[in-house]
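Inspection log for the structure reproduced underneath, given as structure tokens.
FYI, it's all coordinate maths here, none of it is from the lab. No experiment lies behind these values; they were computed from the predicted model shown. Glycine gets a Cβ as well: all are built from the backbone with ideal geometry, and neighbour counts include every protein chain shown.
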Amino acid sequence: MQATETRTLSQQFIDLEEQYGAHNYHPLDVVIERAEGVWVYDVDGNAYMDCLASYSALNQGHCHPRILAALIEQASKVTLTSRAFRNDQLPRLCKELHDLTGYEMVLPMNSGAEAVETAIKAARKWGYKIKRIPDDAAEIIVCANNFHGRTTTIVGFSTDEHYRDGFGPFTSGFKVIPFSDVKALRDAINMNTCAFLVEPIQGEAGIMIALDGYLKQAAEICRENNVLFIADEIQAGLGRTGKLFAHQHEDVRPDLVIIGKALSGGFYPVSAVLGSKEVLGVFRAGDHGSTFGGNPLGCAVARTALRVLIEDKLVERSAALGHYFLRKLQEIKSSHVRQIRGRGLWIGIELHEAARPFCEKLKDLGLLCKETHDTVIRIAPPLIITREEIDWAVQRIARVLAD
């Protein structure tokens, strides 16, 4: 008993999780109990600035009051009907996404991985029904260092061996090419290619930005070969890079767009695939579904989250403040830094060494961020961050990099 009393409250929770929770994550040892805006607070009363934003799910900030009010209001009415019945929130969300993006159809799901699986199924069915690819021969091209989720199908075409280890056998029908390589894409396409699936910016790979013109050329190659161009905008989309979608930096229009994370402002798992009637119209009743996908609670939350994003001009804030944040970081002189790159409020600090110890030191200074691809510190605060808060963060990052 005496030993328990000497531990901090945070350590007690950490010990409980280590004892009873599966060890499929390696989180920083901070135990958060409440949050507001860009700030989170642990069980011992310490405050931290959140520069991860739950991998871009919190673009609108923690516990945004308008989204919270929408959640409470809808939760008091009806939360779930399943898709066996209709509800009054789903058609409104579909219409509002159409008005915002111009895409004809919306297929709602819950997690980002579910939406990616949905896009894969849509692309294959389109390949068989519209393009007339022979049965079971459809191929989808993906990029090395991709991250599209963690289902067995998706990790099967990952090039990160850690994601694959122990989970085979894997689904066939995927061809991996280098990212940002136009020639590789052109050479990989054949008569059985139904789609090219790509992240406009590779987040988990370390905020890797394609060469200028790559997305536009890739879209043209796909169009010339009757291949669907699918953009995974789960992390990059909804304002993170200073545009509504990252592919808009090159003025391209994918055949399918996959969205999630910030679609619900961090309150509820909501994702969706946006596309044309030609592609999403291949689904018939019973082909695909989800008990919770398109539920009224999630749709009400997503509708408000989108309004906050647009009405509060968070996309424009991301562009302006992202430029400021990136410039301030690039002014830091440190022998630890290999490169600092980013777009909007999505920045990667690539180091010559492991990034985890730097993230741990930043946590001790009140700044929360996360390493990715071993040597990259990912910076992705909520889009509501202020210039003064960016200055506060830069001071601490400079201090850690100087050490």
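The length gained by stretching the chain between Arg150 and Ser276 to full extension, at 0.36 nm per residue less their Cα-Cα distance, is 42.7 nm.
Reported to the nearest whole Å, the Cα centre-to-centre distance from region 124-143 to region 283-332 is 30. For the chain, the longest principal axis of the C-alpha atoms and the axis of helix 90-101 are separated by about 90°. Take the Cβ atoms of Lys333 and Ala47, set R0 to 22 Å, and the FRET efficiency comes out at 0.15. Here the peptides 334-342, 145-153 are ranked by packing, the mean other Cβ count within 10 Å, and the order with the highest first is 145-153, 334-342.
Between Trp392 and Thr8, the simple spin-label model (points 7 angstrom out along Cα→Cβ) gives 1.9 nm. Based on the alpha-carbon gyration tensor of region 91-232 and its eigenvalue square roots a ≥ b ≥ c, which shape applies: rounded if a/c is under 1.5, prolate if not and a/b is larger than b/c, or oblate? In terms of gyration-tensor shape, rounded. Annotation: the antiparallel percentage among DSSP beta bridges lying fully within region 65-311 is about 45.
Which of Tyr163, Tyr20, Tyr128 ends up with the largest GNM mean-square fluctuation for the chain, with Cα atoms connected below 10 Å? Evaluated over the chain, the most mobile residue of the options is Tyr20. Highest mean first, the peptides 381-389, 355-363, 228-236 sorted by other C-beta atoms within 10 Å per residue fall in the order 228-236, 381-389, 355-363. For the residues Gln60, Gln202, Gln11, a GNM of the chain with alpha-carbon springs under 10 Å puts the largest fluctuation on Gln11. Remark on Gly242: its backbone amide H falls under 5 Å from those of Ala319, Leu345, a criterion applied only to residues 5 or more positions apart or on other chains, H modelled at 1.01 Å from N. Local charge for Ala320 was computed over the other residues whose Cβ lies under 15 Å away, with Lys and Arg +1 and Asp and Glu -1, and equals +3. Kindly state, to the nearest 0.05, the FRET efficiency for Ala285 paired with Lys216, given R0 = 41 Å and r defined as their beta-carbon distance. Computed FRET efficiency for Ala285 and Lys216: 0.65. Amide H to amide H distances under 5 Å link Val31 with Val43, where only residues 5 or more positions off or on other chains count and H is placed in the peptide plane. In order along region 195-201, phi translates into HN-Hα couplings of 7, 10, 9, 8, 8, x, 10 Hz, rounded to whole numbers, per the Karplus curve 6.51 cos²θ - 1.76 cosθ + 1.60 with θ = phi - 60° and x for Gly and Pro.
What the Cβ-Cβ distance of Asp135 and Met191 gives, at R0 = 22 Å and to the nearest 0.05, is a FRET efficiency of 0.95.
Between helix 65-75 and the chain, what is the angle of the helix's C-alpha long axis to the longest principal axis, kept within 0 to 90° and rounded to the nearest 10? So the inclination is approximately 60 degrees. In sequence order, region 50-55 has phi-based couplings of 8, 10, 10, 6, 6, 6 Hz under the Karplus curve 6.51 cos²θ - 1.76 cosθ + 1.60, θ = phi - 60°, and Gly or Pro positions carry x. With a cut-off of 14 Å on the backbone N, the residues of region 199-241 near the modelled label site 7 Å out from Val176 along Cα-Cβ are 205. Label positions at Ala402 and Leu100, each projected 7 Å from the Cα along the C-beta direction, are separated by 4.2 nm. Each residue of region 102-119 was assigned a 3J(HN,Hα) from its phi angle through the Karplus curve 6.51 cos²θ - 1.76 cosθ + 1.60 (θ = phi - 60°); the sequence is x, 6, 6, 10, 10, 10, x, 9, 10, 8, x, 4, 4, 5, 5, 4, 4, 5 Hz, with glycine and proline shown as x. With contacts taken as Cα pairs under 8 Å and at least 6 residues apart, the chain reaches a relative contact order of 23 percent. Just checking the listed ones, Ala123, Ala300, Ala188: in the Gaussian network model of the chain with Cα springs under 10 Å, the one fluctuating most is Ala188.
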